[in-house]
């Protein structure tokens, strides 16, 4: 199955599923609701309930509660799948082309990012999909009690079937906005055993570093305001207790660092080159900084109408903090911090990879090695 067919079919299926929510009443959630699977068949010629399309015939199975009750909990209604400042422009989850991301990990999953930078569609293994479905009742209860969290926010669980092939996908929130340059990115587990990025990973334009790299890059740590630090630690501790209650052991804290001072310095250099007749500021490395000016204007506009579903890192930890010498072009939503040099930082973070299989052998290996290397 080609990637263009998969992306187009999935968007068509999600659009149909989301549209069907408009006429459904809000009802109390029952345990059995989490095991209701709705199947929609999409013939290429179309039908009374589905539009014609250019792809092969396919079916889409949807776990009903993920796209209904959880979206209601997050205050996502069909009507808000449009930008509030552009009522005619539908959010790209349903209509605009998706962008395939290079796999940031070793899971083998395929990642698609929506054009509005809000959602990620990710392929998952059969066991991961089954685990999420079993997780849903407790997951929903936790979100209902604590919608402010750094845990992943799953908006849909789907099974795409075409030509005797099954592809399982989840829709979830995007943690690291692509319109903002991430000067450093870390996958942290709180362990040191084999927690250093490989030479291949380090050679990438935008590598994902690990725990030992963080300790090397920031030997004195990252400085937060006392109130922000307390709120962040409390949120992480609460989320870890939730994961422990579900017997989830293998997960990471993804941390993206935007260095405001480095960004300001680069912007000043590009401005100087333009004033001197150069062409600086037009060629970019694809890491998100090229469109930063226009994208940040849009980001601030969206942020004014922020939904709980799209809560930023700062909103998720429920912290109040004074602005970091805030300028006109400071991106919204990051957690303000400083490094040991005194440079101003914004942190974008969240807990990831909670659905990965953790076999008995790996459990024992993890426990044994942690006892030896981490005390």
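No lab work stands behind these numbers, since they all come straight from the coordinates. None of these values were measured; they are calculated from a predicted model. Reconstructed Cβ throughout: ideal geometry from the backbone, glycine too, with neighbour counts over all protein chains shown.
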Give me 9, 203, 4, 109 ranked fewest to most by other Cβ atoms within 10 Å of their Cβ, as a rough exposure proxy. 203, 4, 109, 9
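Nearest 0.05, what FRET efficiency do residue 37 and residue 115 give at R0 = 45 Å with Cβ-Cβ as r? Walk me through the intermediate numbers first.
Details: r = 29 Å, r/R0 = 0.64.
So the FRET efficiency works out to roughly 0.95.
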Alpha-carbon spread of region 166-260, three principal axes, descending order, Å: 47, 36, 33
Listing 250, 213 from the residue with the fewest other Cβ atoms within 10 Å to the one with the most, what is the order? 250, 213
Label-point gap, in nm, between residue 274 and residue 192 - each point 7 angstrom along Cα→Cβ: 4.7
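Evaluate E = 1/(1 + (r/R0)^6) for residue 212 and residue 340, where r is the Cβ-Cβ distance and R0 equals 22 Å; express this FRET efficiency to the nearest 0.05.
Values: r = 18 Å, r/R0 = 0.80.
FRET efficiency, residue 212 to residue 340: 0.80.
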